[in-house]
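Engineer: If you scroll down you'll find the structure; I have some questions about it.
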Amino acid sequence: MRFSNKLRVLMALMVCAAFMAAAPAYAKDKKVRVYKGKPAKYVFLFIGDGMGLPQKGATEAFTGEQLIMNSFPAQGMTTTFAADRFITGSAASATSIASGQKTNIGMLGMAPNQKHVKSIAEMAKADGKKVGIVSSVSIDHATPAAFYAHVPTRGQYYDIDVALSESDFDFFGGGGLKDVTNKKKNSKNYKGNALELIKNAGYNVVTDKDEFMALKPADGKVISWNAWLQDSKALPYAMDMRPQDITLPEFTAKAIEMLDNSKGFFLMVEGGKIDWACHANDAAAFIQNTIAFDNSIAKAVEFAKKHPEETLIVVTGDHECGGLTLGFAGTKYGSYYDALKPQTISFQQFSDQVVKLWKEEHKGNASFEDFQPTITHFFGLEFEGDAKKNPLVVKDYQLAMLKEAYGRTMNDEKIKDPELYNLYGEYDPLTVTITHVLNNNAGLGWTSYKHTGVPVATSAMGVGSSSFNGYYDNIDIAYKIMAVMGMTPKVHAAINNAEFAAN
């Protein structure tokens with residue numbers, strides 16, 4: 001095929017423009033607006049993992065109320081790219097937020113050349129403040145680990161657990177620990193069972209809710225996780241929690257109680273399962289977890305009202321997840337978020353328990369029609385009625401999709417074909433098809449099972465909060481917080497620069 005010279009030039013310019021739009025770029029010499037007044041005594045940083053503007057917007061549309069984080073006086077927009085990829089991951093993004101250092105995908109607490117950098121949590125501890133880390137996923141997962149660990153690969157959970165034991169931070173709460181015995185064999189620096197190292201470092205390990213609620217500051221350093229860890233050592237999804245479970249707001253409130261002291265504190269709280277629900281394209285699950293996250297922020301706001309001249313609260317996301325759109329082709333301009341309210345169980349609980357039990361009891365001798373009442377019970381979808389008047393009624397083409405997915409689930413079909421991946425991702429075909437049908441009928445669309453590169457919102461209230469207005473990169477969040485804490489806003493090299501060996 002031949003092209004004219006003008007067309008060749010036009011094509012070259014288009015390719016160049018597309019590359020420039022996708023490639024990470026950041027002006028190192030640009031001026032960053034930072035606070036220059038009296039340092040804050042208490043600093044809160046809330047990170048909604050996977051929480052972009054669509055997630056916040058959908059949650060407000062669902063509840064009919066403004067999120068507390070959206071009521072803050074300072075509102076900014078934040079870019080999220082990694083050093084080596086436009087669409088970031090939690091490790092690279094959390095490292096940027098925690099230290100001001102751009103790094104590669106998968107790296108924690110270090111620059112791309114593996115030089116260790118100090119997090120704002122470590123700096124706060126060195127400055128005499130107490131420090132707490134809370135997350136709804138495992139406490140050694142990428143986002144929380146970026147504040148106390150320095151490893152080239154986020155999957156080095158054993159090394160991260162050892163780093164936790166050596167951090168001397170005062171409070172860890174939420175999910176559990178993923179590899180205290182180095183089962184993955186990806187550490188060449190084995191020091192013994194990491195949980196024993198944590199105990200030997202003076203931490204009280206608490207998993208019972210009554211014992212947790214009774215904790216007092218005099219009890220010293222604490223690491224606590226919920227007794228039931230639903231998946232990958234994480235807290236249950238908010239909609240699956242039982243009365244005996246410790247919620248993210250309860251972990252946050254207890255952290256504040258345990259950390260409060262005359263020298264002040266730094267507390268990072270992550271809403272990690274917002275991201276996980278979005279990976280699975282489950283709108284009801286991410287909405288309920290966003291509500292729990294916002295209720296955690298409310299605990300900080302309560303504290304700030306008692307210390308208005310000494311407190312900073314910052315809320316951000318590390319990236320958007322799922323490519324969520326507040327609108328779906330099938331509903332045109334229609335939005336019916338009430339259709340999400342009958343869902344009473346997360347995708348995880350449904351696939352792990354309901355679908356698993358059904359397969360065990362009915363494999364080979366139960367039709368999709370037999371399973372329909374179960375879908376109606378847990379998700380509210382109906383198989384009779386007028387789909388034009390009721391968004392919960394399954395349309396004919398959706399019924400065909402559900403039947404096909406049911407067959408794949410019952411036959412334990414492995415999803416390897418790229419076309420099928422677009423339909424189901426890496427999730428149970430039936431479960432993800434149910435959430436797709438429900439979400440689409442509510443007026444929500446998904447484009448990905450992974451992260452996206454859109455900017456996220458950052459909001460702030462309290463001391464120095466006005467510096468968080470505007471449009472800036474995620475490394476600037478670290479610089480701005482450093483300035484509010486009275487520290488030089490730059491990347492700080494860690495004193496201990498020993499490197500752990502990766503796989």
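Engineer: Greater than 28 Å separation of Cα atoms is the criterion. Which listed pairs, LYS130/LYS490; LYS188/LYS216; LYS191/LYS221; LYS233/LYS356; LYS178/LYS254, meet it? Kindly include the intermediate steps, with their values, before the conclusion.
Structural biologist: Numbers: LYS130/LYS490 22 Å; LYS188/LYS216 38 Å; LYS191/LYS221 21 Å; LYS233/LYS356 20 Å; LYS178/LYS254 23 Å.
Check vs 28 Å cut-off fails for LYS188/LYS216.
Engineer: I've got another one for you. So how far apart, in nm, are the two label points at GLN75 and VAL454 if each is 7 Å from Cα heading toward Cβ?
Structural biologist: Simple spin-label model gives 1.5 nm for this pair.
Engineer: Express the relative contact order of the chain as a whole percentage, based on alpha carbon pairs under 8 Å and six or more residues apart in sequence.
Structural biologist: Values: 1043 pairs, mean separation 140.2, N = 503.
In percent, rounded to a whole number, it is 28.
Engineer: What number, in percent, do you get for the relative contact order of region 189-262 if the mean sequence gap of Cα pairs under 8 Å and at least 6 apart is divided by its residue count? Before the final figure, lay out each step's value.
Structural biologist: Working: 55 pairs, mean separation 19.9, N = 74.
Across region 189-262, relative contact order equals 27 percent.
Engineer: Let me ask something else. For region 290-374, run through the trypsin sites (Lys or Arg not before Pro) and keep only the ones in DSSP coil with at most 15 other Cβ atoms within 10 Å of their Cβ. Don't skip to the end; give the middle numbers.
Structural biologist: Details: sites: LYS299, LYS305, LYS306, LYS332, LYS356, LYS359, LYS363; in loops: LYS332, LYS363.
Counting only loop positions with at most 15 other Cβ atoms within 10 Å, the trypsin sites (Lys or Arg not before Pro) in region 290-374 are LYS332, LYS363.
Engineer: Right, another one. Taking the simple approach of a point 7 Å from Cα along Cα-to-Cβ for both ASP210 and GLU310, what is their distance in nm?
Structural biologist: If labels sit at ASP210 and GLU310, their model points lie 3.5 nm apart.
Engineer: Next up: Quick one: of the DSSP bridges fully inside the chain, what percent are antiparallel, nearest 5? Let's see the in-between values first.
Structural biologist: Working: 16 of 52 bridges.
Close to 30 percent.
Engineer: Using only Cα atoms, find the angle between the long axis of helix 248-259 and the longest principal axis of the chain, and express it within 0 to 90 degrees, rounded to the nearest 10.
Structural biologist: 10
Engineer: Using amide H atoms built 1.01 Å from N in the peptide plane, name the residues 5+ places from GLU270, or on other chains, whose amide H lies under 5 Å from its own.
Structural biologist: Residues meeting the amide H criterion: ILE47, VAL134, SER135, SER136.
Engineer: For the chain, with only Lys/Arg (+1) and Asp/Glu (-1) charged at the beta-carbon, what is the dipole magnitude about the Cα centre, in debye rounded to 20? Intermediate values should be presented prior to the final figure.
Structural biologist: Numbers: 52 positive and 54 negative charges, 417 e Å.
With only Lys, Arg, Asp and Glu charged at Cβ, the dipole is about 2000 debye.
Engineer: If you count, for each residue, the other Cβ atoms within 10 Å and average over each peptide, how do 449-460, 219-230, 262-273 line up from highest to lowest? Intermediate values should be presented prior to the final figure.
Structural biologist: Numbers: 449-460: 21.2, 219-230: 19.3, 262-273: 25.0.
Final packing ranking: 262-273, 449-460, 219-230.
Engineer: Please work out the average accessible area per residue across the chain, using the 1.4 Å probe convention, and give it in Å².
Structural biologist: 42
Engineer: Could you give each residue of region 103-111 its phi-based ³J(HN,Hα) in whole Hz, using Karplus coefficients 6.51, -1.76, 1.60 with θ = phi - 60°, and x for Gly or Pro?
Structural biologist: Going residue by residue, I get 9, 7, 4, x, 7, 10, x, 8, 7 Hz, with x marking Gly and Pro.
Engineer: Continuing with the same structure: For Cα Rg over 2.2 N^0.38 Å, pick the label among (1) 0.96; (2) 1.00; (3) 1.06 that corresponds to the value derived from the coordinates.
Structural biologist: Read-out taken from this structure: (2).
Engineer: Read phi for every residue in region 166-175 and hand back ³J(HN,Hα) as whole Hz from Karplus 6.51 cos²θ - 1.76 cosθ + 1.60, θ = phi - 60°, with x for Gly and Pro.
Structural biologist: So the Karplus estimates, Gly and Pro as x, are 9, 6, 6, 5, 8, 8, 10, x, x, x Hz.
Engineer: Let me ask something else. When the helices in the chain are scored as -39500 (n - 2.57) per DSSP H run of 4 or longer and the sum is shared across all residues, what 222 nm value do you end up with, to the nearest 500 deg cm²/dmol?
Structural biologist: Values: 17 runs with 182 residues, N = 503.
Calculated at 222 nm, the ellipticity per residue is -11000 deg cm²/dmol.
Engineer: Would you pull out the residues with amide H under 5 Å of ASP473's amide H, same chain only if 5 or more places away, H placed 1.01 Å from N?
Structural biologist: Those qualifying (amide H under 5 Å, at least 5 residues apart or on another chain) are THR79.
Engineer: Further question on the same structure: At 37 °C and a viscosity of 0.692 mPa s, what translational diffusion coefficient does Stokes-Einstein give for region 317-389, taking Rh as the Kirkwood radius over Cα pairs? Give it in µm²/s as a whole number. Walk me through the intermediate numbers first.
Structural biologist: Details: Rh = 15.1 Å.
Taking Rh from Cα pairs, D becomes 218 µm²/s.
Engineer: Quick check: residue separation of ASN422 and GLN353 times 0.36 nm, minus the Cα distance between them. What number comes out in nm? Intermediate results must be reported in sequence, preceding the final value.
Structural biologist: Values: separation 69, 0.36 × 69 = 24.84 nm, distance 2.46 nm.
Taking 0.36 nm per residue and subtracting the Cα distance, the gain is 22.4 nm.
Engineer: Still on this model: Roughly to the nearest percent, how much of the accessible area of the chain is carbon and sulfur, given a 1.4 Å probe? Walk me through the numbers before you get to the answer.
Structural biologist: On the way: 11360 of 21150 Å².
About 54 percent, which is the carbon plus sulfur part of the accessible surface.
Engineer: Residue by residue, what Karplus-based ³J(HN,Hα) values in Hz, rounded to whole numbers, does region 328-342 have, using 6.51, -1.76 and 1.60 with θ = phi - 60° and x for Gly and Pro?
Structural biologist: Once θ is set to phi - 60°, the couplings for region 328-342 become 9, 4, x, 9, 6, 8, x, 10, 9, 5, 4, 5, 7, 5, x Hz.
Engineer: If you don't mind, another one. Take peptides 183-190, 238-245, 312-319 and line them up by average Cβ neighbours within 10 Å, highest first, as a rough protection proxy.
Structural biologist: Working: 183-190: 13.8, 238-245: 15.9, 312-319: 27.9.
Highest mean packing first, the order is 312-319, 238-245, 183-190.
Engineer: Still on this model: In µm²/s, what is D for region 385-461 at 4 °C and 1.567 mPa s, where D = kT/(6 pi eta Rh) by Stokes-Einstein and Rh is the Kirkwood radius from Cα pairs?
Structural biologist: On the way: Rh = 14.4 Å.
In µm²/s, the coefficient is 90.
Engineer: Residues in region 418-442, backbone N under 13 Å from the label point at TYR336 (7 Å along the Cα-to-beta-carbon vector): list them, ranges by number please.
Structural biologist: 437-442
Engineer: Would you pull out the residues with amide H under 5 Å of MET110's amide H, same chain only if 5 or more places away, H placed 1.01 Å from N?
Structural biologist: VAL117
Engineer: Further question on the same structure: Specify the angular offset, from 0 to 90 degrees and rounded to the nearest 10, of the alpha carbon long axis of helix 53-63 from the longest principal axis of the alpha carbons in the chain.
Structural biologist: 70
The values are calculated or read from the model by the stated rules, or taken from the named source; none is laboratory data. The structure displayed is predicted, hence computed values, not measured ones. Positions of Cβ are backbone-derived with ideal geometry, glycine not excepted, and every protein chain shown enters the neighbour counts. To get the accessible areas, we keep the full protein, side chains included, count just its heavy atoms, and leave off ligands, DNA and RNA. Shrake-Rupley method; radii C 1.70, N 1.55, O 1.52, S 1.80 Å.
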